[in-house]
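What follows is one structure encoded as structure tokens, with my remarks underneath.
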Amino acid sequence: MRNLMALLSGLLFGAGLALSGMMDPARVRGFLDIAGDWDPTLAFVMGGAVLVMALAWALQRRMHRPLACEDFALPGTRLIDARLIGGAALFGVGWGLGGLCPGPAIASLVFHPVSAGVFVAAMLAGMLAFRLVDTRRS
């Protein structure tokens, strides 16, 4: 049941990305180009996502347990540190340059396998490099 729920969630997320146009790097770069031909589509997508999550959090607070699991696995609150700020900055630079972030990049593999594949390969290489560096630091 858990795998089915994950599959359905992934399909819904991918369909939402395709429907909203967020798998198009030009649309994302258009949103970031506030001094040029600005495209507000991403702002509406983010606003919709915030509303859906606000409803989801309100619903979750009233539930005793999830529908397809024994208990909720919610992350705890963490302090903002240099590692978080550095990761967010690196994510933002990659997002601005590539026009994709991890979810849309993986979904884009269906429609644009070559260009999205280059991005996904670079993303995975960065994740691997981080893991190697972080393991050595610990």
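The values are calculated or read from the model by the stated rules, or taken from the named source; none is laboratory data. Source: prediction; values computed, not measured. As a convention, Cβ positions derive from the backbone with ideal geometry for all residues, glycine included, and neighbour counts pool all protein chains shown.
Could you pull out the residue among D71, D39 that is modelled with pLDDT under 90, more than 16 Å from the chain's Cα centre (by Cα) and of a type in the set (D, E, K, R)?
The match here is D71.
Any chance the stretch 125-133 includes a residue that's under 16 Å from the mean Cα position of the chain (by Cα), assigned to a loop (DSSP other than H, G, I, E, B), surrounded by 10 or more Cβ atoms within 10 Å (Cβ to Cβ) and among the aliphatic types (A, V, I, L, M)?
No, that holds for no residue.
Since R29 meets every condition but one in (1) without any contact (Cβ under 8 Å) to a residue 60 or more places away in the chain; (2) surrounded by 12 or more Cβ atoms within 10 Å (Cβ to Cβ); (3) basic (K, R), which condition does it not meet?
Unmet for R29, out of (1) without any contact (Cβ under 8 Å) to a residue 60 or more places away in the chain; (2) surrounded by 12 or more Cβ atoms within 10 Å (Cβ to Cβ); (3) basic (K, R): (1).
Going through the stretch 4-14 one residue at a time, which ones are over 13 Å from V45 (Cβ atoms) and surrounded by fewer than 17 Cβ atoms within 10 Å (Cβ to Cβ)?
Listed by number, the residues that qualify are L4, M5, A6, L7, L8, S9, G10, L11, L12.
Suppose we keep only residues that are of a type outside the set (G, A, S) and without any contact (Cβ under 8 Å) to a residue 12 or more places away in the chain within the stretch 113-129. Which one would you say is nearest to M23 (Cα to Cα)?
By that ranking, first place goes to P113.
Which one of the conditions (1) free of Cβ contacts under 8 Å to residues at least 24 places away in the same chain; (2) within 30 Å of P66 (Cα to Cα) does D39 fail to meet, given that it meets all the rest?
(2)
Any residue in the stretch 56-83 that is among the basic types (K, R) sitting within a Cβ distance under 8 Å of a residue that is assigned to a helix (DSSP H, G or I)? List the pairs, counting only those 6 or more apart or interchain.
The qualifying pairs are R78/L84.
What are the residues in the stretch 27-69 that are over 18 Å from P104 (Cβ atoms), hydrophobic (A, V, I, L, M, F, W, C) and in contact with a helix residue (DSSP H, G or I) (Cβ under 9 Å, 6 or more places away or on another chain), if any?
Selection gives W38, L67, A68, C69.
Within the stretch 28-45, work out how many residues are part of a helix (DSSP H, G or I) and over 15 Å from G103 (Cα atoms).
Residues meeting the conditions: 7.
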